[in-house]
Amino acid sequence: MDLGTLFFGRSTRANATNYDGSVVVGWQDFNGPWKSAVWRKNPAGGYFPNEYILIDTAGNPNDEYNQIGECSAVSADGNWIGGYGDFANNNEPWIWSRDSGVINLGTFPGLGNGYVSGISADGSIVVGWFDGFFFGDPRTPFIWTHENGLQEFNTYIRNELGDSTYTHQVYTAESISPNGLYVAGYGVDTSTFLYFAYRVTLNGTTGISSITSEKIDMYPNPTSGFTTIENKGQATLTVSDIRGRVVIKTEINGKYSLDLTEYNSGIYFVTILSNDKLRTEKIIKN
């Protein structure tokens, strides 16, 4: 089945599909750079025409600086999509859902474009890599979670999992299992310069059992400074900016007054982790 293109004579490519094929993601070419493309199954048959993922949903859908880069991964249920960074978002890997909008995952100094290769079924764990800055430079793998943000994967294996990599240097995190327990990819043995395949077990390291679609009750939103967050019991509250950088992280117990007075105007993401469940909500600071 040809999924089609938005522009006659211009190419498209599908890179990934969710578990039942109802959401297919890839790229659309128009003016040279490959931009996001999402095809959704039409109940009447076939697929609807592909759509761009927009950084600002109120902005110009034809502006290439408002169109996020190509899609490379999708969660099993089709709710979370991830992809390749380009000039529109400072070359950062990104994820997206209808509720959250685009979340830029961050970057490491001195590296090239970031690429999302896999997303766990619930969207709680993302893996991928950054290209080297120069052609031929090795890739740098990463793991990202809503709670802890972006981490270099070799460092994560050593410090979080307690596994010594010895002469084995992981180059990429190619995929993650739907249950978020296993990451696979390849690297290089620096003593022999041979490639090796690996599988890493993450069991018990992320502390997150599920992401719930339950909304975070907070008001006012938008806010010019303070917003009240309704919460029951103890929880970890994290606030990230549009580029995925954590700006606030604190422990809360019950209702909480969040102070954004000193922060720049824009879009932020509030994440609450409690009882191994994760809720994320967008907030606008005026």
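The values are calculated or read from the model by the stated rules, or taken from the named source; none is laboratory data. This is a predicted model, so every value here is computed, not measured. Here the Cβ is made from the backbone with ideal geometry for all residues, glycine too, and neighbour counts use every protein chain on show.
The table that follows gives values for the structure above.
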item	result
Flag for ASN62 being in a loop (DSSP other than H, G, I, E, B) and either at negative phi or not hydroxyl-bearing (Ser, Thr, Tyr) (or both)	yes
Some residue of region 90-110 being over 22 Å from LYS282 (Cα atoms) and not in a loop (DSSP other than H, G, I, E, B)	no
Failed item, numbered, when PHE134 is tested on (1) at pLDDT 90 or above; (2) more than 17 Å from the chain's Cα centre (by Cα)	(1)
Test: residue in region 38-48 that is in a loop (DSSP other than H, G, I, E, B) and either within 30 Å of ILE284 (Cβ to Cβ) or not assigned by TED's automatic domain parsing to the domain that holds ILE103 (or both)	yes
Index of the failed condition, SER11 passing every other in (1) modelled with pLDDT under 95; (2) among the hydroxyl-bearing types (Ser, Thr, Tyr); (3) out of contact with any Gly (no Cβ under 7 Å at 6 or more places or on another chain)	(1)
Filter result for the condition that a residue is without any contact (Cβ under 8 Å) to a residue 40 or more places away in the chain, surrounded by fewer than 20 Cβ atoms within 10 Å (Cβ to Cβ) and not charged (D, E, K, R), over THR190, THR140	THR190
Pick from region 1-22, criterion under 17 Å from the mean Cα position of the chain (by Cα) and part of a strand (DSSP E or B), ranking: surrounded by the most Cβ atoms within 10 Å (Cβ to Cβ)	ALA16
